[in-house]
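Working notes for the structure below.
The values are calculated or read from the model by the stated rules, or taken from the named source; none is laboratory data. Predicted, not measured: the structure shown is a model, and the values here were computed from it. All Cβ positions, glycine included, derive from the backbone under ideal geometry; neighbour counts span all protein chains shown. Just the protein is used for accessible areas: all its heavy atoms, side chains included, with ligands, DNA and RNA removed. Shrake-Rupley method; radii C 1.70, N 1.55, O 1.52, S 1.80 Å.
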Amino acid sequence: MDELWLIAALVLALAVRTWVAELIRVKGKSMASTLHNGDILGTTRFDYRTKPPQRQNVVICYYPGRYLRRCRHVRQCFVKRVIGLPGETVELRESVVYINGHPLSEPYLDPTHNRRSHHLEPVTLAEDEVFVLGDNRDNSNDSRRVGPLKRTMLRGHVRCVLWPPRRWGRVN
């Protein structure tokens, strides 16, 4: 009987992690100053199955062809911010993001992590694509390099920082 409870608990935990929520640890500086290396995030998995992502959502995503070095069959996850939505045209001029020709307000950007001038020719997104960027534009591997992502490449919506306790709170 004890083995049955253990199996049921494992199945339930796997189901929650697969379809409801999971914890993710930030590795790297691509989302500084919003997120820090080592932060543990609470994410929800169901959001983008039922509704489209919203601009400026912080997401967990996959990149095409990127897998963990030690486990070649497991996709590598990245934490980024949704900037461009399906059907929009995204462009960067002198580090300012333009959506359909209009500058995007990005109050979450920290000037100390965005010193270089970035440019990107206009990219028009398909109806199933989003454009993601890191908040640390000087040190981020994002859609400027890998291109737009299919909506199916979004794994989850980052909701909060759970660890360390001094950084606990909602992610905007």
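Selection of the range 153-172 for residues being in a strand (DSSP E or B), closer than 16 Å to GLN56 by Cα and open to solvent by less than 60 Å² (accessible area, probe 1.4 Å) yields LEU154, ARG155, GLY156, HIS157, VAL158, CYS160. Residues being out of contact with any helix residue (DSSP H, G or I) (no Cβ under 6 Å at 6 or more places or on another chain) and farther than 23 Å from ARG25 by Cβ are entirely absent from the range 156-172. A single member of GLU127, GLU121 is surrounded by fewer than 18 Cβ atoms within 10 Å (Cβ to Cβ), farther than 11 Å from LYS80 by Cβ, among the acidic types (Asp, Glu) and out of contact with any Pro (no Cβ under 8 Å at 6 or more places or on another chain), and it is GLU121. Contact map, the range 83-108: residues that are of a type in the set (Asp, Glu) paired with residues that are open to solvent by 50 Å² or more (accessible area, probe 1.4 Å), Cβ distance under 6 Å, separation 6+ or inter-chain. Pairs shown: GLU88/ASN100; GLU91/PRO122; GLU94/SER117. Set side by side, the residues TYR108, TYR98 differ, and just one is among the hydroxyl-bearing types (Ser, Thr, Tyr), assigned to a loop (DSSP other than H, G, I, E, B) and either open to solvent by less than 30 Å² (accessible area, probe 1.4 Å) or at negative phi (or both), which is TYR108.
Among strands (runs of 3 or more DSSP E) entirely within the range 1-68, having at least 3 residues that are within 30 Å of ASN100 (Cα to Cα) and either open to solvent by less than 90 Å² (accessible area, probe 1.4 Å) or at pLDDT below 70 (or both) singles out 58-67.
Restricting the range 130-152 to residues that are among the basic types (Lys, Arg) and part of a helix (DSSP H, G or I) leaves a set whose member that is least open to solvent (accessible area, probe 1.4 Å) is ARG137.
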